[in-house]
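The values are calculated or read from the model by the stated rules, or taken from the named source; none is laboratory data. These numbers come from a predicted model, not from an experiment. FYI the Cβ positions are ideal-geometry reconstructions off the backbone, even for glycines, and counts take in every protein chain you see. Each accessible area value is taken on the protein alone, full model and side chains, heavy atoms only, with ligands, DNA and RNA left out. Shrake-Rupley method; radii C 1.70, N 1.55, O 1.52, S 1.80 Å.
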Amino acid sequence: MSGRDARDRAPRVKNRAAAAVQITAEQLLREAQERQEPAVQAPKQRVQDLEELTEFQGRKRNEFEGRIRYSRDSIRAWIKYAQWESSQNEFERARSVFERALDVDPRSNELWLKYTDMELKARNINHARNLYDRAVTLLPRVDALWYKYVYLEELLLNIPGARQIFERWMQWEPNDQAWQSYIKLEERYNELDRASAIYERWIGVRPIPKNWVTWAKFEEDRGQPDKAREVFQTALEFFGDEEEQVEKAQQVFAAFARMETRLKEYERARVIYKFALARLPRSKSASLYAAYTKFEKQHGDRAGVELTVLGKRRIQYEEELAYDGTNYDAWFSLARLEEDAYRADKEDGEDVEPTRVREAYERAVANVPPALEKRYWRRYIYLWLQYAAFEEIETKDYGRARDVYKAAIKLVPHKTFTFAKLWLSYAYFEIRRLDVSAARKVLGAGIGMCPKPKLFSGYIELEMRLREFDRVRTLYEKFLTYDPSLSSGWIQWTQVESAVEDFERVRAIFELAVQQSLDMPEIVWKAYIDFEAGEGERERARLLYERLLERTSHVKVYISYALMEVSVLGGGEDEDGNEIEGEAGDPEMARAIFERGYKDLRAKGEKEDRALLLTAWKSFEEQHGTSEEQAHVEEMMPTTRKRWRKTEDGSGELEEYWDVIFPDDERDANPTSFKFFQAAQQWAAQRGEGEGEGGLSYDLPSDSDDDDDDEDGDAEETRAEPMDEDE
């Protein structure tokens, strides 16, 4: 047992349930505020005579002196002491307190301001003037003292005195706001020449662009445009013509041009804009370009507007490319921009050289993708194609276009990957130059270096257009030697031979194709069978279906086989235009194929395929069969039944699923239950017909209780459930 006292332990909570009355934090705070005791207020004292007043003042002075002795550096205590003395109309004592405080801290702004405010409230103007003079002499960098001093003199209408104070202030070269206050003083009294002279002195102290613009705006507003121009010209001479200097003076150029625009001197404004933009790089003059664009849209002609918009978009694209040189979308946009500008100049009848366009393309194609992966080169290769198309179409420089194609082909790593579009574009360029042999050499070199299906297909299409069928056959032989598993290649070759009506060659090609390991053999077999059926060769098509069924017993093969037997083959028109009747089909043969396919699929246990076959068989019988044959197929149609099986995860739980039940499978597996199930279905059908015709009713009377209705409803659902499952 430990020696710990049981009283030291925390009390056990007996009831942990929530309290019946819940108290929120807001309620606690509100009650605490309401129950708070009122603050202690000092009793009010009334002074009855002079003796009591003297006693009260002495007591207060002792209190203030005690505070000052305790905290001599507390300016707030000195100010309160002096303000109390002024409230008692003891101004001499108040001044004495302020002077004693100034001996403690003569650089306190608050102390000087409170001291002057006391004198002004007492209307001691000369005392206030003396204080302001002492203050600004001691603290010349405190703007508040200067402002109050000037305001006092202006309030007293002593304008020369205020001007003299400003002159004293300006000798200290204060901030821009002080200079503007001096200028506004002169403007209020219409001394505009004096204000202009102050501007000139201000610029000498602070020659920044903003101050130059403010001075010029002042001269313009007072109706001196020549003086404003002189100010701007002086500013531009001051900043100079170098790039860095012009960059600093952009605000001056923009303001100068805006002033000329307001004065309707549009040519002057245009010259100013062009002068500045010619000396600034495009990346540093975006705002100036924007102003120039706006100016040209308002006051320029169509050529000027297009030129400014063009320059603005160039700056935008150049900024994007400076950030990422492999941004090929930006290169495309820049190249199209230069092409449009070149076309516009040609349409205007100007003799221009495509130097800028070629420079843009050369810079673009110089940014080769960093990795040897085709996905990085897809957009890049289109730059070369667009470059070559420009040289061919716009400049008609065919030699340069050929050099572009050769450079692009030399640059692409063909051992890793290639671009068939590049080879084909080069070949068709040579075709347009009427040099077929050069085009064949290009495509031959491409197939020799990096064969690919698209390149073969493009070469074959070219020879087909030239009607060189022997070359087409040779190309197909090389194509299928390169990739014999390509089903589409075999089919395209047969289509070419069918077009020239060489049917024996078509059959030979198909025979070669079906012997290969194809990527999609089903489309080759289908094309072979469709060819024979189209030629009216039913026996050959039948043999092909039999050969195909030896390889696969897919349900679609059986359905297609049966539909071929019942369809009309051959027919058409002879050379004279007379219609030729085709060979009619044999429904019995088709029915036998359906029967054969059904037995084959049943033996393999393919329930879904059997259902598809029966659906097609049923459609066939609806068109070509009798009622007995339709009923026979209808009896074979499957039904769905809900069943249960164990889950595959091994937990032993059961899951519900729908199973497809065929009547013949059920008959062979459970003959007794099958007959019972058939009888139940017939009874259900007869019962439904009897109710529809007004026969016996199994419904309860309408005055039965609700509980009886519910029980009968449940029983009815129970009886109907097996029938629903067997549907």
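Annotations
- Qualifying positions in the stretch 414-424 - open to solvent by 30 Å² or more (accessible area, probe 1.4 Å) and within 15 Å of TRP384 (Cα to Cα): LYS421
- Tabulated pairs, the stretch 63-76, first farther than 11 Å from ASP105 by Cβ, second open to solvent by 100 Å² or more (accessible area, probe 1.4 Å), C-beta under 9 angstrom, 6+ apart or interchain: PHE64/LYS80; ARG67/LYS80
- The one condition in (1) assigned to a helix (DSSP H, G or I); (2) surrounded by fewer than 16 Cβ atoms within 10 Å (Cβ to Cβ); (3) touching a residue at least 24 places away in the same chain (Cβ under 8 Å) that LYS406 fails to fulfil: (3)
- Residue in the stretch 321-332 that is buried (at least 17 other Cβ atoms within 10 Å of the Cβ), under 31 Å from the mean Cα position of the chain (by Cα), charged (D, E, K, R) and modelled with pLDDT of 85 or more present: no
- Candidates GLU220, GLU153 - the one that is farther than 28 Å from GLU247 by Cα, out of contact with any Ser or Thr (no Cβ under 9 Å at 6 or more places or on another chain), surrounded by 15 or more Cβ atoms within 10 Å (Cβ to Cβ) and among the acidic types (Asp, Glu): GLU153
- Every pair of residues 6+ apart whose Cβ atoms lie under 7 Å, when the first sits in the stretch 538-554 and is over 19 Å from LEU512 (Cα atoms) while the second is at pLDDT 85 or above and open to solvent by less than 50 Å² (accessible area, probe 1.4 Å): SER553/ASP600
- The condition of being free of Cβ contacts under 8 Å to residues at least 24 places away in the same chain and surrounded by 13 or more Cβ atoms within 10 Å (Cβ to Cβ) holds for ARG505.
- Wholly enclosed helices (runs of 4 or more DSSP H) of the stretch 409-505 bearing at least 3 residues within 21 Å of TYR528 (Cα to Cα): 469-482, 487-499
- Test: TRP202 is within 46 Å of the chain's Cα centre (by Cα), open to solvent by less than 30 Å² (accessible area, probe 1.4 Å), at pLDDT 90 or above and not small (Gly, Ala, Ser): no
- Long-range neighbours under 8 Å by Cβ, at least six apart or interchain, first residue surrounded by 13 or more Cβ atoms within 10 Å (Cβ to Cβ) within the stretch 96-113, second part of a helix (DSSP H, G or I) and basic (Lys, Arg): PHE98/LYS114; LEU113/LYS148
- Tabulated pairs, the stretch 330-348, first closer than 12 Å to GLU359 by Cβ and without any contact (Cβ under 8 Å) to a residue 60 or more places away in the chain, second open to solvent by 20 Å² or more (accessible area, probe 1.4 Å) and part of a helix (DSSP H, G or I), C-beta under 7 angstrom, 6+ apart or interchain: LEU334/TYR317; ALA335/GLN386; GLU338/ARG356
- Looking across the stretch 333-378, the residues that are open to solvent by less than 30 Å² (accessible area, probe 1.4 Å), in a helix (DSSP H, G or I) and of a type outside the set (A, V, I, L, M) come down to GLU338, GLU339, TYR342, TYR361, TRP377.
- When ARG433, ARG440 are checked against the criterion of being among the basic types (Lys, Arg), surrounded by fewer than 16 Cβ atoms within 10 Å (Cβ to Cβ) and in contact with a Lys or Arg (Cβ under 9 Å, 6 or more places away or on another chain), ARG433 stands alone in meeting it.
- Of the listed requirements (1) closer than 25 Å to GLU522 by Cα; (2) open to solvent by less than 40 Å² (accessible area, probe 1.4 Å), LEU462 misses just one: (1).
- Selection status of ALA254, more than 30 Å from LEU192 (Cα to Cα) and part of a helix (DSSP H, G or I): no
Residue by residue, here is whether (1) of a type outside the set (A, V, I, L, M); (2) open to solvent by 80 Å² or more (accessible area, probe 1.4 Å); (3) at pLDDT below 85 holds:
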position: ALA584; (1), (2), (3): no, no, yes
position: LEU601; (1), (2), (3): no, no, yes
position: GLY605; (1), (2), (3): yes, no, yes
position: ALA611; (1), (2), (3): no, no, no
position: GLN630; (1), (2), (3): yes, no, yes
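- Filter result (open to solvent by 10 Å² or more (accessible area, probe 1.4 Å) and free of Cβ contacts under 8 Å to residues at least 40 places away in the same chain) within the stretch 379-391: TRP384, ALA389
- Within the stretch 639-654, the set of residues being of a type in the set (D, E, K, R), without any contact (Cβ under 8 Å) to a residue 24 or more places away in the chain and assigned to a strand (DSSP E or B) comprises ARG643, ARG645, LYS646.
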